[in-house]
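The values are calculated or read from the model by the stated rules, or taken from the named source; none is laboratory data. Every value quoted in this text rests on a predicted model; they were computed, and no experiment measured them. Here the Cβ is made from the backbone with ideal geometry for all residues, glycine too, and neighbour counts use every protein chain on show. Calculation scope for accessible area: heavy atoms of the full protein, side chains included, ligands and nucleic acids excluded. Shrake-Rupley method; radii C 1.70, N 1.55, O 1.52, S 1.80 Å.
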Amino acid sequence: MQASSSGKTGLFSAAVIVAALGYFVDIYDLILFSIVRVQSLTELGVAPGTPEMTNQGLFLINMQMGGMLLGGILWGILGDKRGRLSVLFGSILLYSLANIANGFVTTIDQYAWLRLIAGIGLAGELGAGITLVSESLSKEQRGYGTMIVATVGVSGAMLGYWVAKFGWRPAYFVGGGLGLALLVLRVSVFESGMFQQVQAQTEVVRGNFLSLFTNPARLGKYLRVLLIGVPLWFVVGILVTLAPEFGKALGISGNVEAGLAVFWCYFGLVFGDFASGALSQLWHSRNKALKVFLGFCATLVGVYLFGVKGATPTVFYAVCFVLGVSVGFWALFVTVAAEQFGTNLRATVATTAPNFARGAVVGLVPAFKALSGALGFIPGAAVLGGLTLVVAFWAVSTLPESYGKDLDYVEE
């Protein structure tokens, strides 16, 4: 069903700038725990270099990602029912306050519950921002717009690394403060014209999450979209977050610092997000660019697990950087999610898809534990990573091409 037409804004409009800065703060807060995991848990009484450090770290990551699963559904539905801007405001307020509170924790239980709340808040930022940008720009420009959002956004992880040098508690305070400061910029952004047109059509049902599951063709498309993003969170949530453990298993000749591995991975992501977005525009194909990057990622996962045994930490961090480049298809993945569905479900899909992909860590962690227990630490990671990449490649290969698609329509 065709919706009414709506006006478009320029590539460097307030919507693009604010979405980019919002995602910058989002990534800072999202990745901060991976950076300060060892430092913060050590202060809370967990001995570094022990199985408890690994297990407690995975537990807290699961709490954060579990919150993102819940928040993805909540904010996605609200984005289609109440508007994209209401989600941008509410989500950033929630995760900013939760991260400030994180700086005051004294027990692991407090830490876990606040990571859950922060995860719920963090779930809304990217999907709402990408939806707003996709609907505000012309079909020729929207790929560049989402590329800008992602390229600026992922660099927030690097700021997190440097701020964490001053202590893990101040790092959480800074993240929360940046989020609250960003709320001031929200007043300069206008609601999506496409959404306002659909909002005026009272007969159109908006934000019906269950409708994604009642139509077999729609459900199949939705599930394939979700599967595309899982390899990135296998890389970030397992390979890079557990870099000290992998460094030990690989016989790296010196100490591997988790925060530095995250820094180099996300530094690579900046270049990867720029390259994947630009290539999808130049090739006029989202799917072709995604396939190239998935193949690149498979190669680098193999290098990480089997090509750096006994290497120096410098070589290991260099591989983390290139690995980050290879998973720089995140913005492209979220763009594809937004482009595959109509205006009345677009925010629901664009918000749930990245959060379900992030939340896949909840399932990847026990799968990794089971496989590593049966096969060994490195072979278990290789099997799990290979499965996620093969399934993601299949999903891209069977999805309709969305480059240049007119987004001004609604789902029946």
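The residue that is farthest from GLN281 (Cα to Cα), counting only those in segment 135-163 that are open to solvent by 10 Å² or more (accessible area, probe 1.4 Å), in contact with a helix residue (DSSP H, G or I) (Cβ under 6 Å, 6 or more places away or on another chain) and among the polar types (S, T, N, Q), is SER155. Restricting attention to segment 88-129 and to residues that are touching a Lys or Arg at 6+ places or on another chain (Cβ under 8 Å) and among the aromatic types (Phe, Trp, Tyr), the residue that is most open to solvent (accessible area, probe 1.4 Å) turns out to be PHE104. Being surrounded by fewer than 24 Cβ atoms within 10 Å (Cβ to Cβ), in contact (Cβ under 8 Å) with a residue 24 or more places away in the chain and in a helix (DSSP H, G or I) is the filter here, so list the residues in segment 241-256 that pass it. Once the filter is applied, which keeps residues that are surrounded by fewer than 24 Cβ atoms within 10 Å (Cβ to Cβ), in contact (Cβ under 8 Å) with a residue 24 or more places away in the chain and in a helix (DSSP H, G or I), segment 241-256 yields PRO244, GLU245, PHE246, GLY247, ALA249. Here ALA311 passes the criteria (1) open to solvent by 10 Å² or more (accessible area, probe 1.4 Å); (2) in a helix (DSSP H, G or I) except the one numbered (2).
Selection over segment 210-223 of residues that are within 25 Å of LEU78 (Cβ to Cβ) and open to solvent by 10 Å² or more (accessible area, probe 1.4 Å) gives a count of 9. For segment 18-44, the set of residues classified as part of a helix (DSSP H, G or I), aliphatic (A, V, I, L, M) and modelled with pLDDT of 85 or more consists of ALA20, LEU21, VAL25, ILE27, LEU32, VAL36, VAL38, LEU41, listed by residue number.
Selection of segment 67-82 for residues being open to solvent by less than 20 Å² (accessible area, probe 1.4 Å) and either modelled with pLDDT of 85 or more or among the acidic types (Asp, Glu) (or both) yields GLY67, MET68, GLY71, GLY72, GLY76, ASP80.
Could you say whether any residue in segment 340-362 is part of a loop (DSSP other than H, G, I, E, B), surrounded by 24 or more Cβ atoms within 10 Å (Cβ to Cβ) and not charged (D, E, K, R)?
yes
With respect to the stated conditions, PHE246 fails to be under 17 Å from LEU32 (Cα atoms), among the hydrophobic types (A, V, I, L, M, F, W, C) and touching a helix residue (DSSP H, G or I) at 6+ places or on another chain (Cβ under 8 Å). Residues of segment 290-308 that are open to solvent by less than 50 Å² (accessible area, probe 1.4 Å) and in a loop (DSSP other than H, G, I, E, B): VAL308 alone. Taking the criterion of being surrounded by 14 or more Cβ atoms within 10 Å (Cβ to Cβ), part of a helix (DSSP H, G or I) and either hydroxyl-bearing (Ser, Thr, Tyr) or in contact with a strand residue (DSSP E or B) (Cβ under 9 Å, 6 or more places away or on another chain) (or both), the residues of segment 363-404 that qualify are SER372, THR388. Of all residues in segment 29-41, one or more are open to solvent by 10 Å² or more (accessible area, probe 1.4 Å), over 12 Å from GLY124 (Cβ atoms), within 21 Å of the chain's Cα centre (by Cα) and not charged (D, E, K, R). Of the residues making up segment 42-88, not one is without any contact (Cβ under 8 Å) to a residue 24 or more places away in the chain and within 18 Å of the chain's Cα centre (by Cα). Restricting THR299, THR314 to residues that are in contact (Cβ under 8 Å) with a residue 24 or more places away in the chain and more than 21 Å from the chain's Cα centre (by Cα) narrows the list to THR299.
The rows are residues; the columns are (1) closer than 21 Å to VAL336 by Cβ; (2) in contact with a Gly (Cβ under 6 Å, 6 or more places away or on another chain); (3) surrounded by 19 or more Cβ atoms within 10 Å (Cβ to Cβ).
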{"site": "LEU226", "(1), (2), (3)": "yes, no, yes"}
{"site": "ALA261", "(1), (2), (3)": "no, no, yes"}
{"site": "TRP283", "(1), (2), (3)": "yes, no, no"}
{"site": "LYS288", "(1), (2), (3)": "yes, no, no"}
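Which of the residues that make up segment 89-133 are without any contact (Cβ under 8 Å) to a residue 12 or more places away in the chain and not charged (D, E, K, R)? Residue satisfying the conditions is GLN110 alone. Filtering LEU132, LEU85 for residues that are of a type in the set (A, V, I, L, M) and surrounded by fewer than 24 Cβ atoms within 10 Å (Cβ to Cβ) leaves a single hit, LEU85. Considering segment 314-329, the residues that are open to solvent by 10 Å² or more (accessible area, probe 1.4 Å) and either of a type outside the set (S, T, N, Q) or touching a His at 6+ places or on another chain (Cβ under 9 Å) (or both) include one that is farthest from GLU245 (Cα to Cα), namely VAL325.
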